[in-house]
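As structure tokens, the structure follows; a few thoughts come after it.
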Amino acid sequence: MKLTSTDLITVDPVIRPVFLQKDITVKALRLDKCDPIISGNKWFKLRYHLEEAIKTNKKSICTFGGPWSNHLVATAAACKKLGIRSTGYVRGEEPNPLSHTLETAAALGMELHFVPRNLYALQKLDKSTNPANYTIPEGGFGHMGAKGAATITQYFNEEEFSHVIAAVGTGTMLAGLAQSLKHAALIGITVLKGKEALEKAVKKLLSEDSCAWTMLEGYEWGGYAKHPANLLEYMNQLFNSTQIPTDIVYTAKLFYAVEQLASKDYFKKGSRLLLIHSGGLQGNQSLEKGKLCFPTPTA
Ligand SMILES: *Cc1c(COP(=O)(O)O)cnc(C)c1O
């Protein structure tokens, strides 16, 4: 039997209560449970790309990302399962040693090419015009990725929630959620600076009739992938009280932001929040051993 992209999900995401605070309820959609490496939202963002690559008989998929990109390693893992070659163009000079993420991607069979920052944009254009490859845009950004992310909502009943809250990287997942939610207020928490640019990116992927959404900033902890000691402390404390592991780049910042907002009475009494746990746990491999009280998944 030939695998299709829908065979890749191994565990259905489950919804778990997180914490009760000031008359609001908080639940998490555990997309991190889908697969340890094709984790969380990345599988959803990839699904239609993978289907298209299979349908058009492409032998190879190429894509782009930074040295810690969950998107690159998820693409590598998905391609391996589907028996398609994968090539990753990595922004910047080859690090020595390789990041854990890139090591994992390479172990999964991804061919890695390092592209100096000043040539990166050009290289992206060049690869996208090669008809032998199926090209997925950097970080999985784009309409096809958003269309896949829109299917995340099939795993919960929207009627149960007043708010749906997710972390924002490229904004593709937020755009997908905005396309498919009907009533719930949608909030994106930015994990990197530059809210205006991120809002623009999301708008580019949306039509007029998508649901209302808001982006909130101020929870970046210094910037993309920055993880001061008190963020790690928070992750350990969250795990001890909820048994939910989070990642340093996206989901820890999401959960923390929601706790902060709740404590400042941002949410009305009786609000029912759904946090999208978008996965990314493999990224914790970059930490020194022993910093976190829960294990990091590996390929
Ligand atoms: C990539 C990623 C995001 C951000 O998704 P975008 O579609 O790029 O906004 C959020 N959480 C995790 C764990 C991710 O890996």
Just give me the residues in region 282-299 being in contact (Cβ under 8 Å) with a residue 60 or more places away in the chain and part of a helix (DSSP H, G or I), in sequence order. Q282, G283, Q285, S286
Select from region 26-40 the residues that are touching a Phe, Trp or Tyr at 6+ places or on another chain (Cβ under 9 Å) and open to solvent by 10 Å² or more (accessible area, probe 1.4 Å) and list them in ascending order. K27, D35
Given (1) surrounded by 22 or more Cβ atoms within 10 Å (Cβ to Cβ); (2) at pLDDT 95 or above, where does M215 come up short, assuming only one miss? (1)
Which one of these does G279 not meet: (1) closer than 18 Å to L29 by Cα; (2) among the small types (G, A, S); (3) over 19 Å from the mean Cα position of the chain (by Cα)? (3)
Looking at region 146-188, which of its residues are touching a residue at least 24 places away in the same chain (Cβ under 8 Å), away from the ligand (no atom under 13 Å from the Cβ) and part of a helix (DSSP H, G or I)? T151, T153, Y155, E158, E159, E160, S180
Open to solvent by less than 50 Å² (accessible area, probe 1.4 Å) and in contact with a His (Cβ under 8 Å, 6 or more places away or on another chain) - does that describe any residue in region 224-234? no
Could you list, in sequence order, all residues of region 193-214 that are more than 14 Å from V168 (Cβ to Cβ) and either in contact with a Leu (Cβ under 8 Å, 6 or more places away or on another chain) or of a type in the set (S, T, N, Q) (or both)? S207, S210, C211, A212
Tell me yes or no: at least one residue of region 289-296 is out of contact with any Gly (no Cβ under 6 Å at 6 or more places or on another chain), assigned by TED's automatic domain parsing to the domain that holds P228 and buried (at least 16 other Cβ atoms within 10 Å of the Cβ). no
Any hit, region 59-73, residues being exposed (fewer than 14 other Cβ atoms within 10 Å of the Cβ) and at pLDDT below 95: yes
Suppose we filter region 224-237 for residues that are within 15 Å of the ligand (Cβ to nearest atom) and either without any contact (Cβ under 8 Å) to a residue 60 or more places away in the chain or outside the structural domain of K27 (by TED's automatic domain parsing) (or both); how many remain? 3
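The values are calculated or read from the model by the stated rules, or taken from the named source; none is laboratory data. Since the structure is predicted, the reported quantities are computational estimates derived from the model, not experimental observations. Positions of Cβ are backbone-derived with ideal geometry, glycine not excepted, and every protein chain shown enters the neighbour counts. Note: areas computed on protein heavy atoms with side chains; ligands, DNA, RNA excluded. Shrake-Rupley method; radii C 1.70, N 1.55, O 1.52, S 1.80 Å.
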